[in-house]
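Peer 1: Below: one structure in structure tokens.
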Amino acid sequence: MELMNKVMANITGVTLGALFFIAGELCFSDPSIVWMKNLFVFLGLFIAASFVIRAFAQYVEIKDPNFGAISSIEERQVRSKNASNAGKARSHDIMAIVFAVMVIAFSVLKAPRELLAILLAGYVVQEGTALYFTFKEFEKLRSK
């Protein structure tokens, strides 16, 4: 049941993002409100990308039931690593919010679509690399 809830949440999130995107493309044709069109389009893409990345992370967890489980490392080393990564993890979480705020702010300021596309690409690269390197680190820890 929990798996179904996660799947439905991801489908709902991607659908919501797609609806924002479609609304932006179809509803705002007046050039005087191009900022509103950009806001809807890129916010929709941002929401959809967030849920797709979240779905990939959940897929990795389902595929590997020991994802994140570490058995052979001393507890002191684990606490040390956790302490050093806590700040990085918090700043990573804050960056997702910062990207969303930047998309909204630049849309309101009538920034060109290319700039908004670069912001969105930066967000996708940030989240994708975080997922990739997290997975690689857990693989290293399990192989020791």
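Peer 1: When you scan the stretch 121-131, do you find a residue that is within 27 Å of GLY24 (Cβ to Cβ), at pLDDT 85 or above and either aromatic (Phe, Trp, Tyr) or in contact with a strand residue (DSSP E or B) (Cβ under 7 Å, 6 or more places away or on another chain) (or both), even just one?
Peer 2: Taking every residue of the stretch 121-131 in turn, at least one turns out to be within 27 Å of GLY24 (Cβ to Cβ), at pLDDT 85 or above and either aromatic (Phe, Trp, Tyr) or in contact with a strand residue (DSSP E or B) (Cβ under 7 Å, 6 or more places away or on another chain) (or both).
Peer 1: Only residues that are acidic (Asp, Glu) and modelled with pLDDT of 85 or more: list them for the stretch 82-120, please.
Peer 2: The one that is acidic (Asp, Glu) and modelled with pLDDT of 85 or more: GLU114.
Peer 1: Please find, within the stretch 50-65, the residue that is farthest from LEU131 (Cα to Cα) out of those that are surrounded by fewer than 20 Cβ atoms within 10 Å (Cβ to Cβ) and small (Gly, Ala, Ser).
Peer 2: Top of the filtered list is ALA55.
Peer 1: So, one more: Considering only residues that are modelled with pLDDT of 85 or more and exposed (fewer than 14 other Cβ atoms within 10 Å of the Cβ), which ones fall in the stretch 10-34?
Peer 2: Passing the criteria: ILE11, THR12, THR15, ILE22, GLU25, LEU26, CYS27.
Peer 1: Still on this structure, I have one more. From the list ASN5, ASN38, pick out the single residue that is more than 19 Å from VAL125 (Cα to Cα), in contact (Cβ under 8 Å) with a residue 60 or more places away in the chain and in a helix (DSSP H, G or I).
Peer 2: From the options ASN5, ASN38, the qualifying one is ASN38.
Peer 1: With the requirement that a residue be among the β-branched types (Val, Ile, Thr) and modelled with pLDDT of 85 or more, what does the stretch 35-79 give you?
Peer 2: Once the filter is applied, which keeps residues that are among the β-branched types (Val, Ile, Thr) and modelled with pLDDT of 85 or more, the stretch 35-79 yields VAL41, ILE47, VAL52, ILE53.
Peer 1: When you scan the stretch 107-144, how many residues do you find that are of a type in the set (Ser, Thr, Tyr) and either on the phi > 0 side of the Ramachandran plot or over 18 Å from the mean Cα position of the chain (by Cα) (or both)?
Peer 2: Residues that pass the stated criteria total 2.
The values are calculated or read from the model by the stated rules, or taken from the named source; none is laboratory data. Since the model is a prediction, treat every value here as computed from it, not as a measurement. Because the Cβ atoms are built from the backbone with ideal geometry, glycine has one as well, and the counts that use them run over all protein chains shown.
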